[in-house]
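Worksheet: one structure, shown below.
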Amino acid sequence: MSDALENVRFRSDMTVELVKASASDSDVLWAARVSTKGEQSLEDAGADPARSAGFINFLMRDRHGSPFEHSTMTFLVSAPIFVFREFMRHRVWSYNEESGRYRKLEPVFYVPGPDRNLVQEGKPGRYVFVPGTAEQHKIADEAVRQSCRDSYATYLELLEAGIAREVARTVLPVGIYSSMYATCNARALMHFLSLRTKREDSTFPSFPQREIEMVAEQMEAHFAELMPLTYASWQANGRVAP
Ligand SMILES: Cc1cc2nc3c(=O)[nH]c(=O)nc-3n(C[C@H](O)[C@H](O)[C@H](O)COP(=O)(O)OP(=O)(O)OC[C@H]3O[C@@H](n4cnc5c(N)ncnc54)[C@H](O)[C@@H]3O)c2cc1C
């Protein structure tokens, strides 16, 4: 048992890998131009970049959202289960996650890093988080590590006693890491980013949990690279999804 517990790992990061994408600004343009050009719209997709930026901005500003749905991005995300629980509230995405019924869960747990603000101040919906003292960081770090090790030891005891994985996992905390594929289109991604990042320049600032924001920030970087005109326009329009 103690050998198995030596494998327990702690992380403070989230990883996001762009697995595949069919997403570019031209996807928005041909989809929107079918309104006026019919089947010729595809031929015009790459024409006149300056006009394209203006057209995308018009669609964004006036919230013509459906042309932003003809793209797809698939991400492989590694994050704690409490992040996935928030993530999966976003219903217009598609998900597949590793199973705690079909495989033994790896002992990888989240522990807040030294730069994670620990203390909550303010009122519901408008909390601010401040760093906390060195003592609070020490207490949190030690308690999380101890609790995760204890839980994982109990999980192993249950498995060794012949208890099914789907029952044994009951004792594991929501800080255990999981992995999932998450697929979305650009419109769904903009909506997700508007809610799961905190930016003062947003028209509707949100107050997300820091850990899901760490995932969102990495997705945002991929989005900015894949669809620069769409991204710039979304930014310029207060990060409101069309
Ligand atoms: C800061 C923050 C705090 C939160 N706190 C809580 C909390 O305390 N408790 C809690 O339960 N949740 C909480 N949530 C989750 C929140 O209520 C939403 O479930 C989550 O943000 C997903 O948003 P969504 O429904 O707009 O997105 P999606 O599910 O991705 O939907 C996208 C859009 O599609 C449309 N849509 C999708 N499904 C329907 C439907 N059934 N009917 C009509 N329109 C639909 C809507 O226009 C929606 O905006 C919180 C979210 C944030 C960002």
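The values are calculated or read from the model by the stated rules, or taken from the named source; none is laboratory data. This structure is a prediction, so every number in the text was calculated from the model and none was measured. All Cβ positions, glycine included, derive from the backbone under ideal geometry; neighbour counts span all protein chains shown.
Within region 1-35, track down each residue that is under 30 Å from V108 (Cα atoms), of a type in the set (V, I, T), in contact with a helix residue (DSSP H, G or I) (Cβ under 9 Å, 6 or more places away or on another chain) and outside any loop (DSSP other than H, G, I, E, B). Steps first, answer last, please.
At the first step, the residues of region 1-35 found to be under 30 Å from V108 (Cα atoms) are 1-21.
Of the ones still in play, those that are also of a type in the set (V, I, T) are 8, 15-16, 19.
Subsequent filtering for residues that are in contact with a helix residue (DSSP H, G or I) (Cβ under 9 Å, 6 or more places away or on another chain) retains 8, 15-16.
Within region 1-35, T15, V16 meet the criteria.
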Failed item in (1) surrounded by fewer than 13 Cβ atoms within 10 Å (Cβ to Cβ); (2) within 16 Å of the ligand (Cβ to nearest atom); (3) in contact (Cβ under 8 Å) with a residue 60 or more places away in the chain; (4) not in a loop (DSSP other than H, G, I, E, B), with F75 passing the rest: (1)
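Picking from F84, F68, F55, which residue would you name as being surrounded by 15 or more Cβ atoms within 10 Å (Cβ to Cβ), at pLDDT below 95 and either over 20 Å from the mean Cα position of the chain (by Cα) or not in a loop (DSSP other than H, G, I, E, B) (or both)?
Details: F84 fails: at pLDDT below 95; F68 fails: at pLDDT below 95.
Criteria check complete, one pass: F55.
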Top-ranked residue of region 130-157 - restricted to ones that are within 30 Å of L76 (Cα to Cα) and of a type in the set (A, V, I, L, M), ranked as surrounded by the fewest Cβ atoms within 10 Å (Cβ to Cβ): A143
Quick check: is even one residue across region 195-217 among the charged types (D, E, K, R), touching a residue at least 24 places away in the same chain (Cβ under 8 Å), farther than 24 Å from Y95 by Cα and within 16 Å of the ligand (Cβ to nearest atom)? yes
When you scan region 222-238, do you find a residue that is within 19 Å of V19 (Cβ to Cβ), under 17 Å from the mean Cα position of the chain (by Cα) and within 12 Å of the ligand (Cβ to nearest atom), even just one? no
Conditions (1) buried (at least 20 other Cβ atoms within 10 Å of the Cβ); (2) in contact (Cβ under 8 Å) with a residue 24 or more places away in the chain; (3) farther than 24 Å from D115 by Cα; number of the one not met by Y231: (2)
Among the residues in region 161-178, are any under 30 Å from F68 (Cβ atoms), more than 13 Å from the ligand (Cβ to nearest atom) and either at pLDDT below 95 or surrounded by 15 or more Cβ atoms within 10 Å (Cβ to Cβ) (or both)? yes
